[in-house]
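Nothing in this text is a laboratory measurement; each read-out follows from the coordinates by a stated rule. Since the model is a prediction, treat every value here as computed from it, not as a measurement. No Cβ is skipped: glycine too gets one built from the backbone with ideal geometry, and neighbour counts run over all protein chains shown.
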Amino acid sequence: MQEQHPFSKFIAILARGKTKTRPLTLSEAEESMGMILSGQAEREQIGAFLMLLRLKEETPEEIAGFTLGTRTVFDLPDQMPEVDLDWSSYAGKRIQLPWFILSALAMAGAGYRVFMHGTDGHTPGRVYTQETLVALGVPVAATLNEAAGHLGKYNFAYAPLEALSPVLRDLIQLRPILGLRSPVHSFARMLNPFNAPMMMQGIFHRGFMDVHSGAAIILNQPHMAVFRGEGGEIERRPNKPTVVETTHGTGAASQETWPALVPDPHQPKNLEMDTSELATVWSGETENVYGVASITGSMAIALKTMGKAETIDKAQAMAEEIWAARDKHNLFKEA
């Protein structure tokens, strides 16, 4: 009789039927992800595992456990950089330009160290962060060590998911094969490899707000904000009120509704999706009321959650000051 594979116990937990199936515990999630990333699970097992999780939907304990399991495989630099803000980008944009990139670069120009990580290409028809940064002349780090150097030099760094974990990059690319997103899309946003005290999370489905907040509490993340962002990215939709859920360490999550910043709730789709407009809006060469409101509005959420401003109005005013003080002649420069 063939001996049972060690990883099969995790599939059994998720697939025992309606009455016996249960979520993974924190330690089980951490162990299972560690086995996947270290090559101890078969490809067939991984596919079944990911889709069973997708079917039942992930719990905060599972997301936190997968995050912890992944953090053990990072090839971190010997000299860890100090980072103020971890900003993930895994969704891509298809209706509006990725204005949040200018939010992050403006904060970097104001002295905040921002680390961005993400992936691209898993969903056709979307504009992704990496390709946009390259078009804007912003370097992409191939490793976390290189990202640390960029942070020290520019206050900003972007690294693709493969710099954090090549295995996760392969798994996230399974979306066209499996036909659905997998839990990797959810917990990759939580990885925060440089232990930034502040994390921003953007979601598309509001039901995931509590999952991310719960995971942040389990992980004892000092500060995190999660909201339904445009296209699922960490980008405030300025034409609609935005419900922002925040957590601070192990305390309970709280919600606050941020007001719309532009009067027209029906913002038309950007048919061109020409990312060169980001550079001309930065320089002041062209105007985009929606874009600037999105840029400053996204910054405001970060600033208030970080404790830099006490109220929504003060956070918005501070963000607008940062935007007004940007170096219009240099979208990206040394700190």
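Summary table below
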read-out	value
Region 216-324: relative contact order as a whole-number percent, Cα under 8 Å and 6+ apart	23 percent
Cα-Cα over 18 Å, subset of LYS18/LYS56; LYS93/LYS269; LYS240/LYS308; LYS20/LYS56	LYS240/LYS308
Residue exposure sequence - THR70, THR123 - by fewest surrounding Cβ within 10 Å	THR123, THR70
Partners for LYS153 among aspartates and glutamates (Cα-Cα distance below 13 Å; same-chain residues under 8 apart left out)	GLU82, GLU334
Global form of region 98-154, assessed from the alpha-carbon gyration tensor, a/c cut-off 1.5	oblate
Ranked TRP282, TRP258, TRP87, criterion: other C-beta atoms within 10 Å, fewest first	TRP258, TRP282, TRP87
With Cα atoms, 0 to 90° folded angle of helix 100-109 axis to the chain main axis	70 degrees
Cβ-derived FRET efficiency at R0 22 Å, ALA335 paired with VAL289, nearest 0.05	0.15
Sum of side-chain charges, HIS185 neighbourhood, beta-carbon under 11 Å (Lys, Arg +1; Asp, Glu -1)	+3
FRET efficiency for THR257 and ALA12, using Cβ-Cβ distance with R0 set to 45 Å, rounded to 0.05	0.55
Euclidean distance of C-alpha centroids, region 1-47 and region 240-303, integer Å	40 Å
Global geometry of region 8-71, whether rounded, prolate or oblate, following the gyration tensor of its Cα atoms and the 1.5 cut on a/c	oblate
Candidates per GluC sites (Glu not before Pro) in region 227-335, loop by DSSP, up to 15 other Cβ within 10 Å	GLU272, GLU285, GLU287, GLU310, GLU334
The chain: relative contact order as a whole-number percent, Cα under 8 Å and 6+ apart	18 percent
Cα-projected label distance for GLU42 with PHE74, points at 7 Å along beta-carbon direction, nm	3.4 nm
Rounded Å value of the spacing that divides the Cα centres of region 54-89 and region 172-202	8 Å
Isotropic mean projected area of the C-alpha convex hull, the chain (nm²)	17.5 nm²
Label zone at LYS328 (point 7 Å along Cα-to-Cβ), backbone N below 13 Å, region 255-297	280-288
FRET efficiency, ALA135 to LEU52 (Cβ-Cβ, R0 51 Å, nearest 0.05)	0.85
Order of PHE208, PHE156, PHE194 - criterion: other Cβ atoms within 10 Å of each residue's Cβ, fewest first	PHE208, PHE194, PHE156
